Amino acid sequence: MIKWAGWIVVLCGTAHTIGALTVEKAARHAGTWFSGGLWSEDFTDMSPAGSAYWLSLSSFGIPLVLVGLTVLWLDRRGITPPAFIGWTLGAWTVVDAVVLPFTPWPIFVLACALLLIGTRRARRDNPAPEAGLRRA
C-alpha cells in the first residue's frame, strides 16, 4: 500500500509539471523566466509568463515528486513513513477539492488513504518502542 501511494504521488506531481509545461504550453515562456522578466512581477498583476511559471516549475508538482520519491525510498529500506505525510497531503487534498472540485483530487485521496492504511498496518504489525525503527 505504501509503495502504491508513493507511486501515485510521484505520478500526480510529474503529470502536473509536465502537463503544465507541454499541454498548457507554459514552457514557451522560458525565455522570459530565465532573462529576469519576472523579477519585478507582482502577484496582483501577474503576466502570462508569471502565471505559466507558477503553474509549472514553481507549482506543487516538483515537491510532490520529491515527497513521493521519499515515501518510496523509505519503503525500499523497510522504514514506515510518518503518518503526518498522509494526513498533511490529505488535508491539502480536501482544500483542493473544495476550491477546485473539477481536478483529479480523487486520485490523490486514494494515495493518501493507501499511505495512511499502509502506515497503520505497518505500525500495528511491527510496534516499535521508538520512532524511526525499521519494519521487519
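The values are calculated or read from the model by the stated rules, or taken from the named source; none is laboratory data. Keep in mind that this is a model prediction, so the values were computed, not measured. With ideal geometry, Cβ positions are generated from the backbone for all residues, glycine too; neighbour counts draw on all protein chains shown. For accessibility, only protein heavy atoms count, side chains too; no ligands or nucleic acids. Shrake-Rupley method; radii C 1.70, N 1.55, O 1.52, S 1.80 Å.
From the set of residues in region 1-51 that are open to solvent by less than 60 Å² (accessible area, probe 1.4 Å) and polar (S, T, N, Q), which is nearest to A111 (Cα to Cα)?
Ranking the qualifying residues of region 1-51, first place goes to T14.
Out of curiosity, is G78 over 19 Å from the mean Cα position of the chain (by Cα), closer than 24 Å to I117 by Cα and open to solvent by less than 60 Å² (accessible area, probe 1.4 Å)? Can you show your working first?
Working: over 19 Å from the mean Cα position of the chain (by Cα): yes; closer than 24 Å to I117 by Cα: yes; open to solvent by less than 60 Å² (accessible area, probe 1.4 Å): yes.
Judged against the criteria, G78 is a match.
Working carefully through the options W87, W54, W73, find the one that is out of contact with any helix residue (DSSP H, G or I) (no Cβ under 8 Å at 6 or more places or on another chain), without any contact (Cβ under 8 Å) to a residue 40 or more places away in the chain, under 23 Å from R123 (Cβ atoms) and open to solvent by 30 Å² or more (accessible area, probe 1.4 Å). Spell out how you get there, then give the answer.
Details: W87 fails: out of contact with any helix residue (DSSP H, G or I) (no Cβ under 8 Å at 6 or more places or on another chain); W54 fails: under 23 Å from R123 (Cβ atoms).
Among W87, W54, W73, only W73 is out of contact with any helix residue (DSSP H, G or I) (no Cβ under 8 Å at 6 or more places or on another chain), without any contact (Cβ under 8 Å) to a residue 40 or more places away in the chain, under 23 Å from R123 (Cβ atoms) and open to solvent by 30 Å² or more (accessible area, probe 1.4 Å).
So which pairs qualify, if the first residue must be in region 13-35 and touching a residue at least 40 places away in the same chain (Cβ under 8 Å) and part of a helix (DSSP H, G or I), the second must be among the polar types (S, T, N, Q) and surrounded by 15 or more Cβ atoms within 10 Å (Cβ to Cβ), the Cβ gap must be under 7 Å, and the two must be at least 6 apart or on different chains?
From region 13-35, the pairs are H16/S59; T17/S56; T17/S59; A20/S56; A20/S59.
A quick yes/no check of all residues on (1) at pLDDT 95 or above; (2) over 30 Å from L21 (Cβ atoms); (3) not basic (K, R):
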| residue | (1), (2), (3) |
| --- | --- |
| P63 | yes, no, yes |
| L66 | yes, no, yes |
| G86 | yes, no, yes |
| F102 | no, no, yes |
| L110 | yes, no, yes |
| A128 | no, yes, yes |
| L133 | no, yes, yes |
| A136 | no, yes, yes |
